[in-house]
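Notes to accompany the following structure.
Every number here is computed from the coordinates shown, using simple stated rules; none is lab data. Here the structure is a predicted model, which is why all the values come from computation and not from measurement. Don't worry about glycine lacking a Cβ; one is built from the backbone with ideal geometry, like all the others, and counts go over all protein chains shown.
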Amino acid sequence: MCPPLHHRAFSLVELIIVVVIIGIIGAIAVPRMSNAADGAARNAVLGDQTALQRALDLYEVEHEGVMAHVGAADLKTLYFRLLKNSDLDGTINESGIFGPYINEIPANKINGLAKVRRDGAAAGVNTHGWRYDTTTGRIEPDHLASATGRKAKLESIEKATGDLVKVIKP
């Protein structure tokens, strides 16, 4: 007859310790990953803002100091002046010698909008992707700092992790 085999299982205390360690690692790792994603989105917005501003500046240089919005009846004309070829006077013309300056209006990576707002409320009202100031010729991202909602997600994860630790450690 063979001697009886003793199977040793994990005790409840060992399982609780593992769960606490995983919770601590999650509490450290999740905010860092989320911050990296926020930083990447901010960098992408800055890159797109720079590309849009360079397109506007190049239009102004090539059109002898006339900004892209001057003489544009509407926002659509402003878009076309950046996206299509034009003549020196700003007339959209497929055989024009100037442009196109960009392939498309990029979406703001934080709020996901690719629309441009001319003047109006200051940047940050989150109604468009970009705000174009006709007095300065500058373009700015038009999103709220908390538009991503990541801060709320982090707070809920931290609360859940804290609740888990409270359950384990009465």
Please list, short to long, the whole-number percent of alpha-carbon pairs of segment 47-136 in consecutive 5 angstrom bins beginning at zero. 3, 14, 26, 26, 18, 9, 4, 0
For Ala36 and Ile97, calculate 0.36 nm times their separation in residues minus their Cα-Cα distance, and state this gained length in nm to one decimal. 17.7 nm
Sort Ile110, Ile16 so the one with the fewest other Cβ atoms within 10 Å of its own Cβ comes first. Ile16, Ile110
Going by how many other Cβ atoms sit within 10 Å of their own, how do Glu62, Glu94 line up, fewest first? Glu94, Glu62
Using 0.36 nm times the number of residues separating Thr136 and Thr50, minus their current alpha carbon distance, what extension gain do you get? 29.4 nm
Exposure proxy order (Cβ contacts within 10 Å, fewest to most) of Met33, Met67: Met33, Met67
At 7 Å along the Cα-to-beta-carbon direction for both Ile17 and Arg118, put a label point, then send me their distance in nm to one decimal. 7.0
